[in-house]
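Taken together, the values in this text are just the output of simple stated rules run on the coordinates, not laboratory data. As the structure is a computational prediction, the values presented were derived from the model and not from experiment. Note that we place each Cβ from the backbone using ideal geometry, even for glycine, and neighbour counts take in every protein chain shown.
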Amino acid sequence: MQLQGQCHCGNIAYTLNWEPDPVEIPARACDCTFCTKHGAVWTSNPDGELRVTIGDSELLNRYAFGTGTAAFHICRQCGAVPLVTCTVDGQVYAVVNVNTIDNLDPGLLQHRAASFSEEDLGTKLARRQSNWIANVSFVERNA
């Protein structure tokens, strides 16, 4: 299944190839202050392939807090947060915000609360390596 998503204005867009077609899509609502304040709900498929297209890189803001190991990709134009990335041992991993996926059947979403504040850095990075999308590429639309 190919999932398309984007920020509200379309400056940050993505395609997530999810194979095989999912019978359910995990939707994790992290309880950190950033995710709570933005209403972000994250999903990933470790075997998926994520292609991110940036329209105007000047309108892309990367925000990190806490351990500084996750970069929230925020559109400066519309304020939406469609994805988060983390680099571990030179490899980029990502999760996408289900609220930015276009035309997603809500019946596929399996909502779960998530709390990662008690994880130490090693556990946090290992979880991301295991659970986040490992095949991530970025392109600039107007490059």
Inset, instruction - Quickly run through the range 103-130 and pick out the residues that are under 23 Å from Cys7 (Cα atoms) and within 14 Å of the chain's Cα centre (by Cα). - result: Arg128
Legend entry - Close pairs from the range 39-51: first in contact (Cβ under 8 Å) with a residue 24 or more places away in the chain and farther than 11 Å from Ala134 by Cα, partner charged (D, E, K, R) and surrounded by fewer than 23 Cβ atoms within 10 Å (Cβ to Cβ), Cβ under 8 Å, at least 6 apart: Val41/Arg28; Trp42/Arg28; Thr43/Arg28
Legend entry - Members of the range 96-116 found to be closer than 12 Å to Ile25 by Cα and either surrounded by fewer than 16 Cβ atoms within 10 Å (Cβ to Cβ) or among the acidic types (Asp, Glu) (or both), listed by number: Asp105, Pro106, Gly107, Gln110, His111, Arg112
Legend entry - Listing of strands (runs of 3 or more DSSP E) fully contained in the range 1-95 that carry 1 or more residues being surrounded by fewer than 16 Cβ atoms within 10 Å (Cβ to Cβ): 2-6, 12-17, 49-54, 60-63, 83-88
